[in-house]
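A quick write-up on the structure given underneath.
The values are calculated or read from the model by the stated rules, or taken from the named source; none is laboratory data. Just so it is clear, the structure is predicted and the values come from calculations on it, not from any experiment. All Cβ positions, even for glycine, are placed from backbone atoms using ideal geometry, and neighbour counts span all protein chains on display. We work out accessible area using only protein heavy atoms, side chains counted, and drop any ligands, DNA or RNA first. Shrake-Rupley method; radii C 1.70, N 1.55, O 1.52, S 1.80 Å.
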Amino acid sequence: MFLTELARFYEHKVAEPDSGIPMPGFSEEDIGYVIRISPDGEYIHHLSLMNGKNRPRRIRVPAAEKRSGKKVVPNFLWDNTGYVLGVDNKGNEKRSLKTFEAFRKKHADLAGKTDNASLKAVAAFLERWNPDRFSEWSDRETVLGKNIVFEIEGENGFVHEQPDVRELWQQLRKEEREEGNEEKGFCLVTGRQAPIARIHPAIRGLKGGEAKTALVSFNKDAFTSYGKEQSYNAPVSVQAAQAYTTALNW
């Protein structure tokens with residue numbers, strides 16, 4: 001009942017143009033810096049988005065991809081420095097190079113399938129970028145580990161905020177759902193047959209809890225029943241899981 005009411009609340013709020021709640025497929029994340037590039041992908045400079053209390057700015061971005069364990073899954077047009085620049089704050093150079101290559105390849109592949117100039121500019125930047133260049137940044141210690149977005153010189157807003165880029169992102173999500181192999185079943189929230197979320201998005205800021213906590217989670221064998229693993233024990237559709245978690249975080 002609790003999840004159902006949260007999902008309904010989300011549907012009501014998203015219909016209000018000025019509510020400020022993230023649209024489907026988007027989430028608000030802590031973004032520390034923006035990289036400004038030229039229309040052909042040349043690095044120009046980077047700017048801090050930290051506020052006066054040295055905290056990142058909350059910005060609506062394409063929804064974060066689900067990462068479990070050590071799985072490497074890049075986000076779309078934003079991520080931490082390990083993915084965007086190939087350097088992280090964990091001292092694991094081998095992994096940061098792996099995450100950067102995944103981020104670079106994802107955007108190169110997408111740029112090759114579209115005529116979107118902004119996406120091609122980001123892909124060109126990533127193709128040129130060498131993680132060794134990060135050592136030249138005078139503020140590298142404060143940048144390290146932060147989430148980063150992109151903007152193109154002469155254009156308003158961040159790249160991911162441009163209307164044609166948002167449309168591209170929604171199209172990508174639709175294609176992924178159609179091609180996905182999520183288990184389908186009866187959603188306990190909507191009462192409809194739909195792809196079931198294996199892992200639910202995280203809830204942030206719970207008092208006394210971790211920075212990110214799953215409200216619905218089955219992470220031990222003792223919690224499973226009837227051969228169902230993870231969140232298939234309490235089937236909630238991908239759409240409903242995104243709705244209730246977005247509402248609660250908002």
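What the table shows:
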| quantity | calculated |
| --- | --- |
| Segment 207-226, subset assigned to a loop (DSSP other than H, G, I, E, B) and either within 19 Å of P22 (Cβ to Cβ) or aromatic (F, W, Y) (or both), residue modelled with the lowest pLDDT | A211 |
| Failed condition for N233, given (1) closer than 24 Å to G69 by Cα; (2) open to solvent by 80 Å² or more (accessible area, probe 1.4 Å); (3) more than 15 Å from the chain's Cα centre (by Cα); (4) not β-branched (V, I, T) | (2) |
| Failed condition for E153, given (1) surrounded by 15 or more Cβ atoms within 10 Å (Cβ to Cβ); (2) in contact with a Ser or Thr (Cβ under 6 Å, 6 or more places away or on another chain); (3) of a type outside the set (F, W, Y) | (1) |
| Contacts under 7 angstrom Cβ, first residue in segment 236-250 being more than 11 Å from V189 (Cβ to Cβ) and part of a helix (DSSP H, G or I), partner modelled with pLDDT under 85 and among the basic types (K, R), 6 or more apart | N249/R204 |
| Failed condition for E65, given (1) touching a Pro at 6+ places or on another chain (Cβ under 8 Å); (2) at positive phi; (3) at pLDDT below 90 | (2) |
| Hey, A234 modelled with pLDDT under 80 and closer than 24 Å to F9 by Cα or not | no |
| Residue that is at pLDDT 95 or above and more than 16 Å from the chain's Cα centre (by Cα), where the choices are K105, K94 | K105 |
| Selection status of A111, modelled with pLDDT of 95 or more, within 29 Å of R173 (Cα to Cα) and aliphatic (A, V, I, L, M) | no |
| Strands (runs of 3 or more DSSP E) contained in segment 1-114 and holding at least 2 residues of a type in the set (D, E, K, R), touching a strand residue (DSSP E or B) at 6+ places or on another chain (Cβ under 7 Å) and free of Cβ contacts under 8 Å to residues at least 40 places away in the same chain | 57-62 |
| Options A108, A123: the member that is among the hydrophobic types (A, V, I, L, M, F, W, C), in contact with a Leu (Cβ under 8 Å, 6 or more places away or on another chain) and open to solvent by 20 Å² or more (accessible area, probe 1.4 Å) | A108 |
| When residues of segment 31-88 are limited to those that are touching a Ser or Thr at 6+ places or on another chain (Cβ under 7 Å), closer than 24 Å to E153 by Cα and β-branched (V, I, T), the one most open to solvent (accessible area, probe 1.4 Å) | I44 |
| Total residues in segment 153-187, condition modelled with pLDDT of 90 or more and of a type in the set (A, V, I, L, M) | 2 |
